[in-house]
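Below is one structure, written out as structure tokens; the observations come after it.
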Amino acid sequence: MQSPLRHGKAALGTTIAGGALAALSQAPERASRLLRHRYPTVAVTGMTGVGKTRLADRLSRRAGSQAAAGGGPDVGSAVMERRTRRTSRLRGYRFRVVPGENAATRLGALDEVFHDEPVDGVLHVVAYGHATPRRTAGTTGAAVASREEQLAAELDDWAITAHRIASMAVRRERPTWLVVAVTKADLFADDIDAAVRYYSPGSGSPFGDRLDELRALAGGAKLSIDVLPVCAQGGDKRSAMPEKGCTDLLDRLELRLAQLSGHV
Ligand SMILES: Nc1nc2c(ncn2[C@@H]2O[C@H](COP(=O)(O)OP(=O)(O)OP(=O)(O)O)[C@@H](O)[C@H]2O)c(=O)[nH]1
Ligand SMILES: [Mg+2]
């Protein structure tokens with residue numbers, strides 16, 4: 001017959017072993033939660049030629065692409081680009097740059113960032129009608145598009161992304177953040193206020209109306225929206241937006257990302 005004491009010991013042993021096992025099985029989940037906290041994932045979205053790759057490269061302190069440096073053809077991204085930014089004290093971001101509508105992998109990339117591995121926040125890039133026109137695959141000759149056409153294309157592109165953001169936001173408890181980055185500010189340096197207004201909620205502009213709709217759909221408390229001007233490359237010292245001006249705008253954007261991520 002087993003003594004009650006031995007029985008008790010065995011039971012205790014089992015509990016400890018069980019606890020250790022449970023802790024072990026939770027370890028990957030805890031590690032991924034820590035990673036998400038310190039290195040939140042950020043989807044970088046927007047239409048083709050708007051400047052997503054250049055901006056993500058600047059934000060992740062990566063040297064510009066060959067095309068940006070002046071050599072080689074200026075082509076759009078074909079696949080999702082992954083960039084990690086490390087800031088001080090083991091913090092940073094994991095950027096997921098969704099390629100523009102020219103890329104065949106675009107839909108899969110959208111699925112990945114908004115459904116399969118939902119991101120913590122979204123950096124949606126727009127350029128106030130200054131996206132670099134890109135040819136659709138299979139056609140030749142330089143592409144041309146007016147600013148009006150580019151703004152209309154941007155609205156169409158935004159409708160798709162907004163829908164994805166809304167369904168991600170309503171599915172989860174914690175709030176989602178959206179930053180609309182109005183890039184290429186060097187190309188409309190005297191018009192930055194008007195550009196920011198055009199992309200702001202409650203402004204009554206076509207884009208503003210769509211942001212209002214998205215807010216209503218997602219629930220105001222579940223989605224924060226910021227609109228910030230930025231540029232990835234500045235002009236020379238005498239231009240309206242010299243490199244120094246661009247760096248200042250980038251710093252402001254980074255500060256906001258840090259606040260939204262709880263880094264500061
Ligand atoms: N003037 C100016 N040009 C920029 C800026 N950012 C990007 N560009 C240029 O705009 C073009 C398109 O930039 P990309 O970053 O390749 O655009 P993208 O959004 O990644 O485009 P896809 O990969 O096709 O989706 C390139 O020629 C860049 O050099 C900027 O801040 N100012
Ligand atoms: Mg790109």
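The values are calculated or read from the model by the stated rules, or taken from the named source; none is laboratory data. Predicted, not measured: the structure shown is a model, and the values here were computed from it. Because the Cβ atoms are built from the backbone with ideal geometry, glycine has one as well, and the counts that use them run over all protein chains shown.
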Quiz item: Do any residues in the range 143-168 that are among the basic types (K, R) have Cβ atoms under 9 Å from those of residues that are in a helix (DSSP H, G or I) and at pLDDT 95 or above, where the two are at least six apart or on different chains, and which pairs are they?
Solution: R164/L110; R164/D111; R164/V113; R164/F114; R164/H115
Quiz item: Just a yes or no: is a residue in the range 116-131 out of contact with any Asp or Glu (no Cβ under 6 Å at 6 or more places or on another chain) and part of a helix (DSSP H, G or I)?
Solution: yes
Exercise. Output yes when any residue across the range 90-111 is away from ligand 2 (no atom under 16 Å from the Cβ), at pLDDT below 95 and part of a loop (DSSP other than H, G, I, E, B), and no when none is.
Key: yes
Quiz item: Of all residues in the range 183-210, how many are touching a residue at least 40 places away in the same chain (Cβ under 8 Å) and either assigned to a helix (DSSP H, G or I) or on the phi < 0 side of the Ramachandran plot (or both)?
Solution: 14
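Per-residue answers, yes or no, for (1) more than 21 Å from E243 (Cα to Cα); (2) more than 16 Å from ligand 2 (Cβ to nearest atom); (3) among the basic types (K, R):
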{"site": "F114", "(1), (2), (3)": "yes, yes, no"}
{"site": "G121", "(1), (2), (3)": "yes, yes, no"}
{"site": "T161", "(1), (2), (3)": "yes, no, no"}
{"site": "A189", "(1), (2), (3)": "no, yes, no"}
{"site": "R197", "(1), (2), (3)": "yes, yes, yes"}
Quiz prompt | Hits in the range 170-187 (condition: in contact with a His (Cβ under 8 Å, 6 or more places away or on another chain) and under 17 Å from R252 (Cβ atoms)) | solution = L178, V179, V180, A181, K184
Self-check item: Single match in L217, L178 (criterion: surrounded by fewer than 17 Cβ atoms within 10 Å (Cβ to Cβ), outside any loop (DSSP other than H, G, I, E, B) and more than 16 Å from ligand 2 (Cβ to nearest atom))
Solution: L217
Quiz item: Out of the residues in the range 233-256 that are in contact with a Pro (Cβ under 9 Å, 6 or more places away or on another chain) and assigned to a helix (DSSP H, G or I), which is surrounded by the fewest Cβ atoms within 10 Å (Cβ to Cβ)?
Solution: R252
Practice problem: Inspect the range 20-43 for any residue being part of a loop (DSSP other than H, G, I, E, B), touching an Asp or Glu at 6+ places or on another chain (Cβ under 9 Å) and either modelled with pLDDT of 80 or more or within 16 Å of ligand 1 (Cβ to nearest atom) (or both) and give the result as yes or no. | Solution: yes
